[in-house]
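Before any comments, here is the structure.
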Amino acid sequence: MEFNPEKTAVIFKAFCDENRIRILQILKGGEKCACRLLEALNITQPTLSHHMKTLLDSGIVNGRKEGKWMYYSISEEGLKKAQKYLDYLKGEV
């Protein structure tokens, strides 16, 4: 595996905010509409958009548009990539 510091930083930035961690906890239960995330987190839509962009850019979360709403889910592939970077840093890869 090739270690890329820039890509690694983008991935782990996703885990560096309490709201993003809360979003991931909610998404653990399956795909959710942005409207449900807004209700659960009690944050503004622009704040949610900021956090979701970070999560999408990291690859940890997938998004799809349906009508006027976005639906989000955890990316298994993104989580595996994050785990591979952790394993690399532990010297296991």
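The values are calculated or read from the model by the stated rules, or taken from the named source; none is laboratory data. Because the structure is a prediction, the values reported are computed rather than measured. All Cβ positions, glycine included, derive from the backbone under ideal geometry; neighbour counts span all protein chains shown. Note: accessible area is taken over every heavy atom of the protein model, side chains too, but ligands, DNA and RNA are not part of it. Shrake-Rupley method; radii C 1.70, N 1.55, O 1.52, S 1.80 Å.
For (1) more than 16 Å from the chain's Cα centre (by Cα); (2) under 13 Å from Ile23 (Cβ atoms); (3) among the aromatic types (Phe, Trp, Tyr), each residue gets a yes or a no:
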site: Ala40; (1), (2), (3): yes, yes, no
site: Thr54; (1), (2), (3): no, yes, no
site: Trp69; (1), (2), (3): yes, no, yes
site: Ser73; (1), (2), (3): no, yes, no
site: Asp87; (1), (2), (3): yes, no, no
site: Gly91; (1), (2), (3): yes, no, no
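Every residue in segment 61-93 that is of a type in the set (A, V, I, L, M, F, W, C) and either part of a strand (DSSP E or B) or without any contact (Cβ under 8 Å) to a residue 60 or more places away in the chain (or both), please. Once the filter is applied, which keeps residues that are of a type in the set (A, V, I, L, M, F, W, C) and either part of a strand (DSSP E or B) or without any contact (Cβ under 8 Å) to a residue 60 or more places away in the chain (or both), segment 61-93 yields Val61, Trp69, Met70, Ile74, Leu79, Leu86, Leu89.
Can you name every residue in segment 58-75 that is open to solvent by less than 30 Å² (accessible area, probe 1.4 Å) and of a type in the set (D, E, K, R)? If the condition is that a residue be open to solvent by less than 30 Å² (accessible area, probe 1.4 Å) and of a type in the set (D, E, K, R), then no residue fits. Counting residues in segment 51-73 that are within 30 Å of Gly91 (Cβ to Cβ) and aromatic (Phe, Trp, Tyr) gives zero. Scanning segment 29-38 for residues that are touching a Phe, Trp or Tyr at 6+ places or on another chain (Cβ under 8 Å), not hydrophobic (A, V, I, L, M, F, W, C) and not in a loop (DSSP other than H, G, I, E, B) gives a single hit, Lys32. Of the candidates Ile43, Ile11, Ile21, Ile26, the single residue that is out of contact with any strand residue (DSSP E or B) (no Cβ under 9 Å at 6 or more places or on another chain), open to solvent by less than 50 Å² (accessible area, probe 1.4 Å) and outside any loop (DSSP other than H, G, I, E, B) is Ile11.
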